[in-house]
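Q: Got a structure here, written out as structure tokens. Questions coming.
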Amino acid sequence: MTAAVSFGEQLHATMADYVRRRDVPGVVTLVSRHGRVRRPVQSAVVGVGTIGGPAIQRDAIFRVTSLSKPIISAAAMVLVDDGVLRLDEPVDRFLPELADRRVLHRLNSPLDDTVPAARPINVRDLLTSRMGFGIVMARAERYPIQRALRELEICVGPPNPQAPHTPDEWMRRLGMLPLMHQPGERWMYSTSYDVLGVLVARASGHSLETFLRARLLAPLGMRDTAFSLPPSKLNRFVSCYRAHPTTGALTVVDAAATSQWSAPPKFPAGRDGLVSTADDYLAFGQMLLARGIHAGQQVLSRKAVALMTMNHLTAEQKSESVLLSGGRGWGFGMAVTPYWFGWDGGFGTSWRTYERAGIVAVLMTQRLVVPVSSGIDDEFWTIVEGTLGDQEH
């Protein structure tokens, strides 16, 4: 009679298959239940950080891209808890560049074909990605607004830590453009979290990274989460790859040794600029599971966590994007479902917290999910849900 395969054995074997097939160079996964990391967790640390380099370690540092959004949202909620920001107040007080907005008559309109905004953009709009501006899911430069973004060098494309503009200059340029939709009207991905990062910095009176470090990252013990890496940590940084759409061969997008993240950015991007480790992100997910508490300290209020992890979109708004398929709603910087909340990064990182089962799970690899995904994240979540989260279905 064959012995039952343990969760750790199944997870390790599956992740190892992806590495063996060269679908991903290496992977780190962590799964905890009720605050305890499942064993043997080391068996889910497989492959290499850089092809041709040494074995990847559990403390490897990854570009988490869009997993930055939940962290930036949590930082904003610290200021809401402090009473510095209010969710339904206009952002004009700290972001005058966004006052008195004009809105395109239609998305394909010339930039001067506008109507007045029905109301100001508020803090909640930024947190829920409904400020009226974001990524246009259409062929590049199909519309005049897309061409204007390119010309102003404030494109909403892939992560770019060495972008040329400071936060103030970026905001000045963004303020030159009309909104694409009325504030609160539609869910438009990504840009609002860059704006939110600037808001957090200005409202707190500190740089975004300084505030993040003092009020969120340090209290959570997230020592390796930042917008860049010092030389002393580059040996733990992994390289990032893209798969050829036909052959599947991996080619380097950003090499660890010469990475764009090896120097502090002029513009710390709230939408996709952070690097982190699996353990750091696990701590963040566990804090949300514990209603804002970490190591006995109330890092976020229970109300703040509840607001972050509940859906704020209408059924129509949820239906407008393929990113919210499968019954997903949107909280503050993350997807929410009746079973879990979490999000994914375009460079191969993924996190979910299953509240009822007390599960927090993190997957980190470094292969772009476009033009073709490896599928490792889908299989990871199938294993997690099937083995640990049966009650979640």
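The values are calculated or read from the model by the stated rules, or taken from the named source; none is laboratory data. Model, not experiment: these values are computed from the prediction. In this analysis, Cβ positions are derived from the backbone assuming ideal geometry, glycine residues included, and neighbour counts consider all displayed protein chains.
Q: Residues of the range 79-98 being touching a helix residue (DSSP H, G or I) at 6+ places or on another chain (Cβ under 8 Å) and among the basic types (Lys, Arg), which ones?
A: ARG86
Q: Same structure again: Could you count how many residues in the range 157-169 are touching a residue at least 40 places away in the same chain (Cβ under 8 Å) and either farther than 21 Å from GLY270 by Cβ or not in a helix (DSSP H, G or I) (or both)?
A: Filtering the range 157-169 for residues touching a residue at least 40 places away in the same chain (Cβ under 8 Å) gives 158-167.
Then keep just the ones that are either farther than 21 Å from GLY270 by Cβ or not in a helix (DSSP H, G or I) (or both); that gives 158-166.
Qualifying residue count, the range 157-169: 9.
Q: Considering the range 95-113 alone, what residues qualify as being buried (at least 16 other Cβ atoms within 10 Å of the Cβ) and either β-branched (Val, Ile, Thr) or within 17 Å of GLY175 (Cα to Cα) (or both)?
A: First, pick out the residues of the range 95-113 that are buried (at least 16 other Cβ atoms within 10 Å of the Cβ): 95, 97-98, 101, 103-104, 109.
Result: LEU95, GLU97, LEU98, ARG101, VAL103, LEU104.
Q: Mind checking whether some residue in the range 118-128 is surrounded by fewer than 15 Cβ atoms within 10 Å (Cβ to Cβ), free of Cβ contacts under 8 Å to residues at least 24 places away in the same chain and of a type outside the set (Val, Ile, Thr)? Can you show your working first?
A: First pass over the range 118-128, keeping only residues surrounded by fewer than 15 Cβ atoms within 10 Å (Cβ to Cβ): 118-119.
Next, from what is left, pick out any that are free of Cβ contacts under 8 Å to residues at least 24 places away in the same chain: none.
No, that holds for no residue.
Q: Please go through the range 361-390 and give me each residue that is over 13 Å from TYR241 (Cα atoms), under 17 Å from the mean Cα position of the chain (by Cα) and either of a type in the set (D, E, K, R) or in a helix (DSSP H, G or I) (or both), ordered by number.
A: ASP377
Q: Go through MET176, MET180 for me and flag whichever is of a type outside the set (Gly, Ala, Ser) and in contact (Cβ under 8 Å) with a residue 60 or more places away in the chain. Reasoning before the result, please.
A: Values: MET176 fails: in contact (Cβ under 8 Å) with a residue 60 or more places away in the chain.
Step by step, each of MET176, MET180 is checked, and only MET180 is of a type outside the set (Gly, Ala, Ser) and in contact (Cβ under 8 Å) with a residue 60 or more places away in the chain.
Q: Does SER192 fit the bill of being surrounded by fewer than 23 Cβ atoms within 10 Å (Cβ to Cβ), of a type in the set (Ser, Thr, Tyr) and modelled with pLDDT of 95 or more? Walk me through it before giving the result.
A: Numbers: surrounded by fewer than 23 Cβ atoms within 10 Å (Cβ to Cβ): no; of a type in the set (Ser, Thr, Tyr): yes; modelled with pLDDT of 95 or more: yes.
No; evaluated as a whole, the condition is false for this residue.
Q: Please give the number of the condition GLY333 fails out of (1) at positive phi; (2) at pLDDT below 95.
A: (2)
Q: Could you check how many residues of the range 209-251 are in a helix (DSSP H, G or I) and farther than 17 Å from ALA76 by Cα?
A: Looking only at the range 209-251, we keep the residues that are in a helix (DSSP H, G or I), and these are 209-217, 231-236.
In the following step, the residues that additionally are farther than 17 Å from ALA76 by Cα were identified as 231-236.
Residues flagged as in a helix (DSSP H, G or I) and farther than 17 Å from ALA76 by Cα within the range 209-251 amount to 6.
Q: Please verify whether the range 92-114 includes one or more residues that are at pLDDT 95 or above, over 18 Å from the mean Cα position of the chain (by Cα) and within 29 Å of MET287 (Cα to Cα).
A: Yes - at least one qualifying residue is present in the range 92-114.
Residues are listed down the side, and each one gets a yes or a no for (1) surrounded by 18 or more Cβ atoms within 10 Å (Cβ to Cβ); (2) closer than 23 Å to GLY342 by Cα:
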| position | (1), (2) |
| --- | --- |
| HIS244 | no, no |
| ASP254 | yes, no |
| ALA257 | no, no |
| ALA269 | yes, yes |
| VAL275 | yes, yes |
| ALA283 | yes, yes |
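Q: Determine whether TRP261 is of a type in the set (Phe, Trp, Tyr), more than 30 Å from ALA315 (Cβ to Cβ) and touching a residue at least 40 places away in the same chain (Cβ under 8 Å). Let's see the steps before the verdict.
A: On the way: of a type in the set (Phe, Trp, Tyr): yes; more than 30 Å from ALA315 (Cβ to Cβ): yes; touching a residue at least 40 places away in the same chain (Cβ under 8 Å): yes.
In short, yes.
Q: Give me the pairs, please: first residue somewhere in the range 346-357 and over 18 Å from ILE376 (Cα atoms), second residue anywhere and modelled with pLDDT under 95 and assigned to a loop (DSSP other than H, G, I, E, B), beta-carbon distance under 7 Å, and either six or more positions apart or on two chains.
A: TYR354/TYR339; TYR354/GLY389; ALA357/GLY389
Q: Could you go through the range 244-257 and let me know if any residue there is in contact (Cβ under 8 Å) with a residue 40 or more places away in the chain and within 17 Å of the chain's Cα centre (by Cα).
A: Checked the range 244-257: no residue is in contact (Cβ under 8 Å) with a residue 40 or more places away in the chain and within 17 Å of the chain's Cα centre (by Cα).
Q: Same structure again: Restricting to the range 309-349, name every residue that is part of a loop (DSSP other than H, G, I, E, B) and either touching a Gly at 6+ places or on another chain (Cβ under 7 Å) or not assigned by TED's automatic domain parsing to the domain that holds TYR18 (or both). Reasoning before the result, please.
A: Of the residues in the range 309-349, the ones part of a loop (DSSP other than H, G, I, E, B) are 309-314, 319-321, 325-328, 331-334, 337-340, 346-348.
Hits for the range 309-349 are THR309, MET310, ASN311, HIS312, LEU313, MET334, THR337.
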